[in-house]
Amino acid sequence: MTIRAPLLAVLALAATASPVAAQGAAPATLACAPPLGPKSSHAEVVAAYGKANVVFRKIDGAEGEKIAATVVFPDDPKRRLELMWADEKKRSGLLAVRPAKETALVAPNGIRRGMTLAEVEKLNGRPFVLVGFDWDYGGAVTDWKGGALAGPAAGGCTVSVSFALPEDVDEAISAAVAGDTEFSSSDTTMKAAKPVVDGFALGWPQP
């Protein structure tokens with residue numbers, strides 16, 4: 001399953017999370033379930049999470065673009081969620097949910113921040129494909145190669161995943177895995193670079 005174009009766009013930009021759980025401690029797992037679903041609206045999100053915990057503002061998108069989004073828990077990086085809409089004016093038709101980089105949440109398919117290539121390969125059941133680093137879409141997974149992570153997660157959403165290199169990576173290795181080139185997660189040089197999951201996002205196709 002190759003998902004390069006829509007996946008890159010989303011990335012650049014508890015058990016089930018019920019309204020009660022959302023207003024208290026952060027759930028362990030971010031679920032593809034109301035109030036987060038393809039037919040959700042800003043109003044539904046406010047009703048679920050509480051007016052004091054939701055704002056509508058501009059956030060960073062791809063290539064320096066600013067986009068309007070609903071932000072849940074804007075001042076709490078461990079719980080912050082950025083919601084992007086198909087219809088920004090009506091704030092309806094949920095396209096994607098992007099947790100903050102510092103999120104403590106786990107994706108519905110088990111992906112979590114800080115996972116290694118080997119851990120994600122094990123979860124997927126086979127090697128997968130990701131693009132090189134040091135550009136706007138660097139480190140994004142583009143093809144799960146038919147593994148366990150290829151299909152929709154529970155609730156019907158897709159989970160986009162991106163990796164980042166550690167700060168102490170060798171410069172020569174970093175250069176070897178840079179740029180808009182696809183690599184297998186089993187590639188020797190990619191494994192030597194030791195990237196880890198840097199972020200994930202949930203997405204829903206719109207008609």
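The values are calculated or read from the model by the stated rules, or taken from the named source; none is laboratory data. Note that the structure is predicted; figures quoted are calculated from it, not measured. All Cβ positions, glycine included, derive from the backbone under ideal geometry; neighbour counts span all protein chains shown. Heads up: the accessible areas ignore ligands, DNA and RNA and are worked out on the full protein's heavy atoms, side chains in. Shrake-Rupley method; radii C 1.70, N 1.55, O 1.52, S 1.80 Å.
Observations, loosely collected:
- Violating pairs (Cα-Cα greater than 25 angstrom) within the set Lys78/Lys191; Lys58/Lys191; Lys101/Lys191; Lys66/Lys89: Lys78/Lys191; Lys58/Lys191
- Accessible area of the range 88-207 divided out per residue, in Å², using a probe of 1.4 angstrom: 47 Å²
- Per-residue Karplus couplings for the range 78-88, computed as 6.51 cos²θ - 1.76 cosθ + 1.60 with θ equal to phi - 60°, are listed in order as 6, 10, 4, 10, 10, 10, 10, 10, 5, 10, 5 Hz, Gly and Pro entered as x.
- Intensity falloff of the range 59-108 expressed as log10 I(q)/I(0), Debye formula with alpha-carbon point scatterers, at q = 0.29 Å⁻¹: -1.13
- 3J(HN,Hα) from dihedral phi, the range 109-117, Karplus parametrisation 6.51/-1.76/1.60, rounded to Hz, x for glycine, proline: 9, x, 5, 9, 4, x, 5, 8, 4
- A dipole drawn for the chain from +1 and -1 charges on Cβ atoms has a positive end, and of Phe56, Ser40, Leu83 the residue lying farthest that way is Ser40.
- The chain, accessible surface, carbon-and-sulfur percent (1.4 angstrom probe): 54 percent
- Length added when fully stretched, Ala172-Thr116, from 0.36 nm per residue minus Cα-Cα: 18.1 nm
- For Ala104 and Lys51, the difference between the fully extended length at 0.36 nm per residue and the C-alpha to C-alpha distance is 16.9 nm.
- Residues in the range 29-63 reached by a label modelled at Leu123 [backbone nitrogen below 12 Å; 7 Å Cα→Cβ]: 29-30
- Listed options for log10 I(q)/I(0) by the Debye sum over Cα atoms at q = 0.09 Å⁻¹ are (i) -0.33; (ii) -0.63; (iii) -0.37. The value calculated from this structure is the one marked (i).
- If you take the Cα centroid of the range 183-207 and the Cα centroid of the range 85-160, the two points sit 8 Å apart.
- For the chain, calculated [θ]222 nm from helices alone, where every DSSP H run of n ≥ 4 adds -39500 (n - 2.57): -5000 deg cm²/dmol
- Where labels lie 7 Å past Cα in the beta-carbon direction, separation of Ser92 and Lys194 in nm: 5.0 nm
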